[in-house]
Every structure is written in C-alpha cells, then in structure tokens.
C-alpha cells in the first residue's frame with residue numbers, strides 16, 4: 001500500500017534570505033509538521049544601482065544556498081521540492097536569467113510569483129496555523145523587498161495587496177548615516193507613508209462596517225516582525241518563550257522600540273538583534289509601526305507560519321488532499337479566471353464551448369501526439385476561457401490585447417510562468433504562430449513551456465474554428481489518429497442534424513496548418 005505520509009520541501013527565494021522548510025504531510029488527516037528548516041541570508045536585493053540587475057555575487061550566494069538546501073533534501077529523502085522566487089527576482093531585468101541558471105546548475109525549478117499571489121500563499125500559511133473564527137483579521141508580512149497586507153476571516157481572502165517597500169529595499173534607498181540622521185529619517189518616513197497610504201485606505205473602507213468599539217485584530221509574519229517580537233519578549237519577560245507563535249506586541253511598546261532603534265548605531269542595534277538583521281531592522285520596524293498607526297491596530301500577534309507553509313498548503317490543495325474546509329481556496333484558480341472573464345465582458349457560454357473543444361482535442365491526442373499532463377491541460381482551459389478578452393479593448397489585433405490583459409490581470413493561484421503561458425496561448429489563438437522574435441514568446445523562459453505553447457495553441461486555434469458562428473454548432477468531436485501514416489481525422493457531430501456547418505469546415509481548413517506543422521500530420525475533417 002502507498003504510504004499516506006509525504007515528505008515535501010518548500011523554498012522561498014526572497015529579497016533578503018532564502019528560507020526552506022521540510023515537512024511531513026499526513027495526507028489522510030490532512031495535516032503537516034515541519035521536520036527541518038534552513039535559512040541563508042543572500043541579499044538578492046543588493047542589486048546593481050545602474051541596471052537594477054541582480055549582482056553576480058548575490059546570484060552566486062543564492063545558488064550556493066540552494067545547493068545546500070538540495071543536499072539537506074537528499075538527506076531527508078524529500079519526494080518533491082516546491083520553490084518560488086519573490087520581489088527581487090520578479091523585478092530584476094535579469095531575473096529570468098537567474099532562474100534559468102538555477103535550473104542549469106542545480107536542476108531545480110523555481111517559479112516566480114506575483115505580489116498578489118505571494119500575499120495569497122502567505123494567507124494560506126497563516127490560516128493553516130491560526131483560527132480566525134470568521135472574524136476579519138489584517139495580516140501584515142514585511143519582507144526584504146515588499147510588504148503584503150491581507151484581509152481575511154479564514155475563508156477566501158477579502159483583500160490582497162503587495163507594496164514595493166521592504167526592509168532591505170528601504171535601507172538601501174534611504175539610510176546611509178549611522179545612526180540615521182533626522183533628514184534621512186524624515187525622508188524614509190515620508191516614503192513609507194506614501195507607499196502604504198493606498199492599501200491602508202482600501203482596508204479602512206472594507207472595514208468601515210466593523211462593529212463599533214471592536215478592536216481590529218492583526219497578525220504579523222516574517223523575519224522583521226519575529227525579530228521585533230523576540231526583542232520585546234527578551235526585554236519584557238527576561239527570557240524567550242519556548243514558542244513565539246501567538247506572541248503579542250502592543251503598539252505602544254513597538255513605538256518605544258522604534259524610538260530606540262532610530263537613535264542607536266549599528267553596534268548598539270547588534271547588541272539587541274543579530275547583526276545581519278540589525279542592518280535593516282529600523283526600516284522594517286518603521287513600516288510595521290506606521291501601518292499599525294494608520295489602521296488603528298492596538299497590537300500585532302506573531303504567526304510563525306507564512307509563505308513557505310503557504311506553499312505546502314497550496315501543494316496539498318492542488319493534489320486534492322484538502323477539500324471541505326478549504327473549498328473556497330481549492331477553487332481559487334477557476335474563480336479567478338471567471339472573475340477576469342466577467343471583468344472583460346467575455347461571453348462565458350461561448351468561451352466554455354471553445355474550452356470544451358480544445359480540451360477534447362487535447363485529451364484525444366494525449367499519448368499519441370503529446371505527453372502533456374493535467375497541469376498543462378488546465379492552462380489550456382484557462383486560455384480558452386480568456387482568449388477573447390482583447391475585445392474589451394478593440395476587435396483589431398484583439399489576440400495581442402488578450403495577451404496584455406491576461407498578463408496584467410492579477411490572476412490568483414498561478415505562478416508567473418503559468419500566467420505567461422496562458423497569455424501566450426491566448427495570443428496565438430489566431431494570426432501569427434509563435435516566433436523567436438516575439439518578445440512575449442521569449443518571456444516564457446524555458447524551452448519546455450515554449451514547446452507547450454507551440455503545440456497547445458494549435459488546439460485552441462482549431463477549437464475557435466469549431467465554433468466559428470459562436471452558436472455551439474458542433475456537439476462533439478471524434479479524433480482518429482494514425483501515427484504510422486501521420487494522419488489525423490476529425491469526425492464532427494453537428495448539434496442540428498441538417499446543419500452543413502459550412503463556415504466551421506471552412507474555418508478549420510483555414511486554421512489547420514499550424515496543427516499539421518507542429519505534429520507532422522495531415523489533418524482531414526468530416527461530418528458524421
């Protein structure tokens with residue numbers, strides 16, 4: 001019998017550090033427990049000031065840290081590694097090259113995720129460890145390059161935001177004096193206020209119906225907030241609790257800590273916290289303090305689960321180990337697609353018909369002309385649902401507009417490369433085939449995704465041809481493939497018995513060439 005215990009590693013390639021947790025998942029419960037953790041401060045956020053690129057030194061530190069993570073995984077007999085990169089990598093011009101180098105040197109696949117997706121997975125990590133009891137909580141995560149704010153009550157997140165301020169980024173931008181000079185402090189404070197004004201305003205509007213006199217509850221995650229909680233515990237209790245999870249830091253005490261950090265030099269800050277954190281702690285602490293001030297939060301509660309644990313939960317959801325209690329989260333990808341379809345005024349009935357045809361072609365040729373799995377199948381479905389989104393801008397070149405709208409549509413539940421693949425599939429549902437000179441095609445990064453887009457886009461082309469009149473003229477498709485003779489026949493069943501489907505047959509003949517070219521077959525079409 002297959003074991004119901006899985007060993008999984010989750011790696012977060014952040015702006016300041018690379019973190020890894022190794023967990024044992026009891027799939028029958030389902031639950032997981034951390035059996036090993038690793039952290040390396042690599043400072044990817046120390047980018048080239050002229051180009052914004054990740055520096056060679058930072059890349060080398062990161063790759064060596066990931067190599068150590070792999071060695072630990074081998075020792076622990078990890079079955080699968082889930083790795084994501086966040087702010088520093090997604091914003092750097094050479095971020096894609098960095099991801100490619102990791103794969104070439106280590107064979108490790110790292111996915112870049114958007115700020116909103118980072119926020120969603122942080123939320124998953126938190127609610128796997130804390131019961132929110134259907135009450136709205138604000139979650140604050142202060143990283144090296146970004147700060148995420150989330151509003152949730154234990155079910156679907158009610159609000160997700162990611163702001164480009166973090167402890168490393170702000171320190172590099174504003175702090176050169178030691179201790180910080182009054183002028184630099186004022187500039188830093190002003191920048192933080194300008195950056196968090198929008199998300200805190202949004203949150204206050206969402207919370208305006210909050211019961212009168214009911215104190216707003218806030219949860220904090222990340223190294224900055226944990227460091228501040230440790231410092232507070234050491235000074236207030238004289239010792240560090242066995243577990244810091246759930247530890248509370250009142251706003252007034254945090255205000256006092258920031259006041260002292262502002263006046264301390266590096267040596268004095270290092271006496272309070274470890275040196276690498278001492279270099280950046282003031283900027284991070286100030287972000288927390290001002291966010292709490294603007295939101296009227298009386299205290300922050302520490303949660304020691306965040307993005308890494310959220311990666312584990314997301315993996316469990318995707319693999320069907322979490323269902324009932326996580327029903328909303330388990331359908332987040334589908335609902336995110338449908339929400340975007342609604343936003344851009346897509347005819348969902350027509351889109352579903354195209355998706356059904358595309359998936360039918362995909363399924364009936366799997367194992368014959370291609371070996372793509374269910375993950376790729378879902379990306380094809382998503383692209384089919386959104387392929388006409390470009391009409392929201394203009395009919396002319398709407399396939400190109402579709403690419404842009406999907407790419408910037410803040411889809412949740414997807415990595416950046418998955419969103420890129422969906423957008424590219426929609427881009428190539430008509431007109432030109434994928435070409436090396438196309439910038440959007442090159443952004444796919446790795447050759448496997450490029451091959452998938454080349455092949456799967458042909459299914460989408462045929463699917464749009466099969467519903468050329470957008471009336472659901474074709475009820476079903478039967479595919480008969482002969483790899484030996486390199487032939488493929490489509491037998492179409494019209495929905496109306498006497499419908500000759502002339503326009504669909506013409507459109508199929510017009511659009512079949514990319515399919516024939518990709519799979520090296522001759523395609524024939526007939527009506528049943």
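The values are calculated or read from the model by the stated rules, or taken from the named source; none is laboratory data. What you are looking at is a predicted structure, and each value in this text was computed from that prediction instead of being measured. We place every Cβ from the backbone using ideal geometry, glycine too, and count neighbours over all the protein chains shown.
Here are the numbers for this structure:
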| read-out | value |
| --- | --- |
| Helices (runs of 4 or more DSSP H) within region 428-528 that include 1 or more residues crowded, with 17+ Cβ neighbours inside 10 Å and without any contact (Cβ under 8 Å) to a residue 24 or more places away in the chain | 439-442, 447-466, 502-511 |
| Members of region 16-44 found to be more than 25 Å from residue 85 (Cβ to Cβ) and in contact (Cβ under 8 Å) with a residue 24 or more places away in the chain, listed by number | 27, 28, 30 |
| Unmet requirement for residue 54, which otherwise passes all of (1) assigned to a loop (DSSP other than H, G, I, E, B); (2) touching a residue at least 12 places away in the same chain (Cβ under 8 Å); (3) over 19 Å from residue 173 (Cα atoms) | (3) |
| Set 39, 6, 26: member being surrounded by fewer than 24 Cβ atoms within 10 Å (Cβ to Cβ) and within 29 Å of residue 165 (Cα to Cα) | 39 |
| So residue 328, is it modelled with pLDDT under 95 and surrounded by fewer than 20 Cβ atoms within 10 Å (Cβ to Cβ) | yes |
| Residue check, residue 131 free of Cβ contacts under 8 Å to residues at least 24 places away in the same chain, farther than 19 Å from residue 24 by Cα and in a loop (DSSP other than H, G, I, E, B) | yes |
